[in-house]
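Read the structure below first, then the notes.
The values are calculated or read from the model by the stated rules, or taken from the named source; none is laboratory data. Note that the structure is a prediction, hence the values are computed from the model and not measured. For neighbour counting, all protein chains shown are included, and Cβ atoms are generated from backbone atoms with ideal geometry for every residue, glycine included.
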Amino acid sequence: MIEQDLETLYSPSCFSKRYGKTEVLQKHIQFIEAHSKLVKSSIPCDLGISYGPGLKEKYDIYGTDLREDAPIVIHIHGGYYHEESITHANNSFISQILYRNGIKTILLGYELSPQRTVPEILEHLQMGIRECLKYARNLKCKATFLSGHSVGAHAIATILPDFKRSISQTDSNLIKGAFLLCGIYNLEPLTQMSVNDLLNLTIETAKEELSPMLFDKADYGGTEIYIVAAENDSPAFVVQSQQFFKKLKSEEADVHFNLIPVVDHFDCIENLFYEDYELSRLLVTAIKKYV
């Protein structure tokens, strides 16, 4: 019974008020594929740049015709670290509104489980972010921002403290903000779920290495953190977002929390295609503070 409850509770597709569990994911894939295709044909871009040895370890840059020092958002897609149908390529739909506001977008891909363990995925993502920062530095960009949806948010929340300590002060100062969208910050429950057949997490690894909610202190080194939850997401995801916000607030991090009404785990990010959407305005306003 506990396992069944966890399977439901940590499956965001079970909580959409728009569609059933299977249909909401199908509709999501259709949306991101179609709208990313539109963006790809309308925004100048540089695609398929390798940063690592894996076939999926590539990134795409959108807005290559913007001024060289334009701010940059580096986005990491979701998919529970194993979903093949969600990729960096079909997340390019988020770049439209950013482009219209003079902001470049880099979509960062990564290898999936079980071919790579979650710690290995996170290690390689850091390689990718380093390459993106190098690109930004070479263009004399003054402000970069990290963005992640679902486990993309988890990846950023988990790696950013140590990552910032591992890079130069110049590069560290470039990372002005991080947008954590519909994230999960404690992976321990996943060790009791069927998804762990692919992730192969031990309880110790989940708790000690991969759950920023449980870290003694997650020091983001002055980077402004925006934690965003969706009203109709899994209650577990919403509660984890609230708890993670309270943790960071208690540690005196520069952190904000926003609960976006009406939307679920999927249209929370889909609606970033539209300029009049609350989250689109939040991102653009937060970024423009620094430019």
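Just a few scattered comments:
- Test: residue in region 23-35 that is within 26 Å of residue 265 (Cβ to Cβ), touching a Gly at 6+ places or on another chain (Cβ under 9 Å) and of a type in the set (Phe, Trp, Tyr): no
- Test: residue in region 107-114 that is of a type in the set (S, T, N, Q) and either surrounded by 22 or more Cβ atoms within 10 Å (Cβ to Cβ) or on the phi > 0 side of the Ramachandran plot (or both): no
- Test result for residue 264, part of a loop (DSSP other than H, G, I, E, B), surrounded by fewer than 15 Cβ atoms within 10 Å (Cβ to Cβ) and either at pLDDT 95 or above or not charged (D, E, K, R) (or both): no
- Taking first residues from region 162-180 that are more than 13 Å from residue 129 (Cα to Cα) and in contact (Cβ under 8 Å) with a residue 40 or more places away in the chain and partners that are of a type in the set (A, V, I, L, M, F, W, C) and surrounded by fewer than 18 Cβ atoms within 10 Å (Cβ to Cβ), the Cβ contacts under 7 Å between residues at least 6 apart in sequence or on separate chains come to 177/286.
- Test for residue 99: is it among the hydroxyl-bearing types (Ser, Thr, Tyr), under 20 Å from residue 285 (Cα atoms) and surrounded by fewer than 23 Cβ atoms within 10 Å (Cβ to Cβ): yes
- Listed by first and then second residue, the pairs with beta-carbon distance under 7 Å, at least 6 apart or on different chains, first residue in region 206-225 and more than 16 Å from residue 249 (Cβ to Cβ), second among the basic types (Lys, Arg), are 214/207; 221/164.
- Qualifying residues in region 1-43 (those that are of a type in the set (Ser, Thr, Tyr) and over 22 Å from residue 232 (Cβ atoms)) - the one surrounded by the fewest Cβ atoms within 10 Å (Cβ to Cβ): 41
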